[in-house]
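This report concerns only the one structure given below.
The values are calculated or read from the model by the stated rules, or taken from the named source; none is laboratory data. All figures in this text were calculated on a predicted structure; none of them were measured in a lab. For neighbour counting, all protein chains shown are included, and Cβ atoms are generated from backbone atoms with ideal geometry for every residue, glycine included. To get the accessible areas, we keep the full protein, side chains included, count just its heavy atoms, and leave off ligands, DNA and RNA. Shrake-Rupley method; radii C 1.70, N 1.55, O 1.52, S 1.80 Å.
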Amino acid sequence: MEEALKIQSLVIYPIKSCRGISVPQATVTHTGFQWDRYWLVVNYKGRAYTQRVEPKLALVESELPKEAFLEDWEPTKDSFLVVRAPGMSPLKIPLTKPSSVAEGVSMWEWSGSAFDEGEEAAKWFSDYLGKQSRLVRFNKDTETRPSPPEFAAGYSTTFADMFPFLVASQASLDQLNTLLPEPVPINRFRPNILVDNCDPFGEDLWDEIKINDLVFQGVRLCSRCKVPTVNQETGVMGAAEPTETLMKFRSDNVLMPDKKPRGKVFFGKEMVWNWNLTNTEGKGKKTIKVGDTISVLRKIPSRAEAAV
């Protein structure tokens, strides 16, 4: 008998492109996990910094109060996001709502306003990166950042790349590692949910999965940029791997032979929480935990359709 699919780990990335926090449980919201990609480091023009251009961000660690991952927790004046990096003193960001607003913040296709975390945070990141920087927080009260409507109409996210959730499996990583000159850890791919007991790249075909009462909809395969080449322990970008190996068996050329190749490689599945199918009427737990079972409700016929 096959072992049930299970959540092996859950990771939240409070600051976009910085190190994640492995958590025993996470609260699901319309825009992704609570606290996931709520903060963003921006340059003097308000444009997003990511590991694509600032791989040193990989070494920036975040810490939130343990209670922050409970479903109904509210921050007090004594609640902080604590940020650490090599050679830097710890930075404490109050979790209560900032009073200052930064206009003209932009990330990829989106621009809008965000909370500004103030001069101390700005100086900390400016000193760390060696260039003028500020730290901003997504303002859910006034801003919406829609996911691309051609793939997920009606869904939105915070400062994640495009979609609220990224799911990957341990088996996919294990298969990739048998082909690499040196194995890589899963943190190269920065998923939110890592699944155990899955076939290698079985997640490609998930159209709909259920965890507890929550139904998640598969959107598309995740096409990867340069970030998987960044060593998350050293903050140094490598030249080729694991992208070069993925190109041999996970490129659009291989997975979608009937379409014009665009040089993309895929690892992981982008998903949204389909709250319309969640029969909780706004009530009921929206928390998922490490060890929870995953049911696959519906699959799509081919990887070519998943990659789009």
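Kindly evaluate LYS269 against the criterion of being under 17 Å from PHE151 (Cβ atoms), crowded, with 20+ Cβ neighbours inside 10 Å, touching a residue at least 24 places away in the same chain (Cβ under 8 Å) and among the basic types (Lys, Arg). It would help to see each step written out before you state the result.
On the way: under 17 Å from PHE151 (Cβ atoms): yes; crowded, with 20+ Cβ neighbours inside 10 Å: yes; touching a residue at least 24 places away in the same chain (Cβ under 8 Å): yes; among the basic types (Lys, Arg): yes.
Against the criterion (under 17 Å from PHE151 (Cβ atoms), crowded, with 20+ Cβ neighbours inside 10 Å, touching a residue at least 24 places away in the same chain (Cβ under 8 Å) and among the basic types (Lys, Arg)), LYS269 qualifies.
Can you pull out every residue in segment 29-50 that is among the hydroxyl-bearing types (Ser, Thr, Tyr) and open to solvent by less than 30 Å² (accessible area, probe 1.4 Å)? Step through it out loud before you land on a result.
Within segment 29-50, the subset among the hydroxyl-bearing types (Ser, Thr, Tyr) is 29, 31, 38, 44, 49-50.
Residues satisfying the conditions are THR29, THR31, TYR38, TYR49, THR50.
Are any residues in segment 190-212 of a type in the set (D, E, K, R), assigned to a loop (DSSP other than H, G, I, E, B) and touching a residue at least 40 places away in the same chain (Cβ under 8 Å), and if so, which ones? Give the derivation first.
Our first condition is that a residue be of a type in the set (D, E, K, R); within segment 190-212, this holds for 190, 196, 199, 203-204, 207-208, 210.
Imposing the further condition that a residue be assigned to a loop (DSSP other than H, G, I, E, B) reduces the set to 190, 199.
Passing the criteria: only ARG190.
Has segment 236-247 got any residue that is out of contact with any Leu (no Cβ under 8 Å at 6 or more places or on another chain), among the polar types (S, T, N, Q) and open to solvent by 10 Å² or more (accessible area, probe 1.4 Å)? Show your work before the answer.
So in segment 236-247, the residues out of contact with any Leu (no Cβ under 8 Å at 6 or more places or on another chain) come out as 236-240, 243-244, 247.
With among the polar types (S, T, N, Q) added as a condition, the list becomes 243.
Add one more test, that the residue is open to solvent by 10 Å² or more (accessible area, probe 1.4 Å), and what stays is 243.
Checked segment 236-247: at least one residue is out of contact with any Leu (no Cβ under 8 Å at 6 or more places or on another chain), among the polar types (S, T, N, Q) and open to solvent by 10 Å² or more (accessible area, probe 1.4 Å).
Going by what's in this entry, would ASP36 be described as under 30 Å from PHE216 (Cα atoms), in a loop (DSSP other than H, G, I, E, B) and modelled with pLDDT under 95? Steps first, please.
On the way: under 30 Å from PHE216 (Cα atoms): yes; in a loop (DSSP other than H, G, I, E, B): yes; modelled with pLDDT under 95: no.
When the stated conditions are applied, ASP36 does not pass them.
Scan segment 12-31 for residues that are in a strand (DSSP E or B) and closer than 19 Å to ASP72 by Cα and report the count.
To start, the set of residues in segment 12-31 that are in a strand (DSSP E or B) comprises 12, 15, 21-23, 25-29.
Remaining after also requiring closer than 19 Å to ASP72 by Cα: 12, 23, 25-29.
Residues that pass the stated criteria total 7.
Output the residues belonging to segment 272-283 that are open to solvent by less than 50 Å² (accessible area, probe 1.4 Å) and either more than 20 Å from ALA153 (Cβ to Cβ) or at pLDDT 95 or above (or both).
At the first step, the residues of segment 272-283 found to be open to solvent by less than 50 Å² (accessible area, probe 1.4 Å) are 272-274, 278, 280.
Hits for segment 272-283 are VAL272, TRP273, THR280.
Does segment 213-228 hold any residues that are open to solvent by 10 Å² or more (accessible area, probe 1.4 Å) and in a helix (DSSP H, G or I), and which are they?
VAL227
State the number of residues belonging to segment 47-67 that are assigned to a helix (DSSP H, G or I) and either within 18 Å of the chain's Cα centre (by Cα) or on the phi > 0 side of the Ramachandran plot (or both). I'd like the intermediate steps shown before the answer.
Initially, segment 47-67 is screened for residues assigned to a helix (DSSP H, G or I), giving 55-59, 66-67.
If we keep only those that are either within 18 Å of the chain's Cα centre (by Cα) or on the phi > 0 side of the Ramachandran plot (or both) as well, we get 55-59.
Residues meeting the conditions: 5.
Is there a residue being crowded, with 20+ Cβ neighbours inside 10 Å, among the aliphatic types (A, V, I, L, M), out of contact with any Asp or Glu (no Cβ under 8 Å at 6 or more places or on another chain) and closer than 24 Å to THR144 by Cβ anywhere in segment 5-20?
First pass over segment 5-20, keeping only residues crowded, with 20+ Cβ neighbours inside 10 Å: 5, 7, 10-20.
Applying the additional criterion that residues be among the aliphatic types (A, V, I, L, M) yields 5, 7, 10-12, 15.
Right, trim to out of contact with any Asp or Glu (no Cβ under 8 Å at 6 or more places or on another chain) and you get 10-11, 15.
Those left that are additionally closer than 24 Å to THR144 by Cβ: 15.
Looking through segment 5-20, at least one residue is crowded, with 20+ Cβ neighbours inside 10 Å, among the aliphatic types (A, V, I, L, M), out of contact with any Asp or Glu (no Cβ under 8 Å at 6 or more places or on another chain) and closer than 24 Å to THR144 by Cβ.
So, in segment 179-204, of the ones that are under 10 Å from the mean Cα position of the chain (by Cα) and crowded, with 22+ Cβ neighbours inside 10 Å, which residue ends up farthest from THR31 (Cα to Cα)?
Filtering segment 179-204 for residues that are under 10 Å from the mean Cα position of the chain (by Cα) and crowded, with 22+ Cβ neighbours inside 10 Å, the one farthest from THR31 (Cα to Cα) comes out as ARG190.
Test of understanding: among VAL230, VAL195, VAL215, which residue is aliphatic (A, V, I, L, M) and within 15 Å of GLU270 (Cβ to Cβ)? Give the derivation first.
Details: VAL230 fails: within 15 Å of GLU270 (Cβ to Cβ); VAL215 fails: within 15 Å of GLU270 (Cβ to Cβ).
After ruling out the rest, the residue left standing is VAL195.
Given the options LEU166, LEU135, LEU176, name the one that is out of contact with any strand residue (DSSP E or B) (no Cβ under 7 Å at 6 or more places or on another chain), within 25 Å of ALA58 (Cβ to Cβ) and either open to solvent by 30 Å² or more (accessible area, probe 1.4 Å) or modelled with pLDDT of 95 or more (or both). Full working, then the answer.
Values: LEU166 fails: out of contact with any strand residue (DSSP E or B) (no Cβ under 7 Å at 6 or more places or on another chain); LEU135 fails: out of contact with any strand residue (DSSP E or B) (no Cβ under 7 Å at 6 or more places or on another chain).
So the residue among LEU166, LEU135, LEU176 that is out of contact with any strand residue (DSSP E or B) (no Cβ under 7 Å at 6 or more places or on another chain), within 25 Å of ALA58 (Cβ to Cβ) and either open to solvent by 30 Å² or more (accessible area, probe 1.4 Å) or modelled with pLDDT of 95 or more (or both) is LEU176.
What single numbered condition from (1) closer than 19 Å to ILE211 by Cβ; (2) of a type in the set (D, E, K, R); (3) at pLDDT 95 or above fails to hold for GLU63?
(1)
Can you name every residue in segment 51-72 that is hydrophobic (A, V, I, L, M, F, W, C), surrounded by fewer than 16 Cβ atoms within 10 Å (Cβ to Cβ) and more than 28 Å from THR229 (Cβ to Cβ)?
Of all residues in segment 51-72, those hydrophobic (A, V, I, L, M, F, W, C) come to 53, 57-60, 64, 68-70.
Adding the requirement that they be surrounded by fewer than 16 Cβ atoms within 10 Å (Cβ to Cβ) leaves 53, 70.
LEU70 - this is the single residue of segment 51-72 that is hydrophobic (A, V, I, L, M, F, W, C), surrounded by fewer than 16 Cβ atoms within 10 Å (Cβ to Cβ) and more than 28 Å from THR229 (Cβ to Cβ).
Step by step: first the residues of segment 73-83, then only those that are in contact with a Lys or Arg (Cβ under 9 Å, 6 or more places away or on another chain) and free of Cβ contacts under 8 Å to residues at least 40 places away in the same chain, then the one that is surrounded by the fewest Cβ atoms within 10 Å (Cβ to Cβ). Which residue is that? Break it down stepwise before answering.
Just the residues of segment 73-83 that are in contact with a Lys or Arg (Cβ under 9 Å, 6 or more places away or on another chain), to begin with: 75, 80-83.
Add one more test, that the residue is free of Cβ contacts under 8 Å to residues at least 40 places away in the same chain, and what stays is 75, 80, 82.
Values: PRO75: 16, PHE80: 17, VAL82: 13.
Taking the candidates together, the pick is VAL82.
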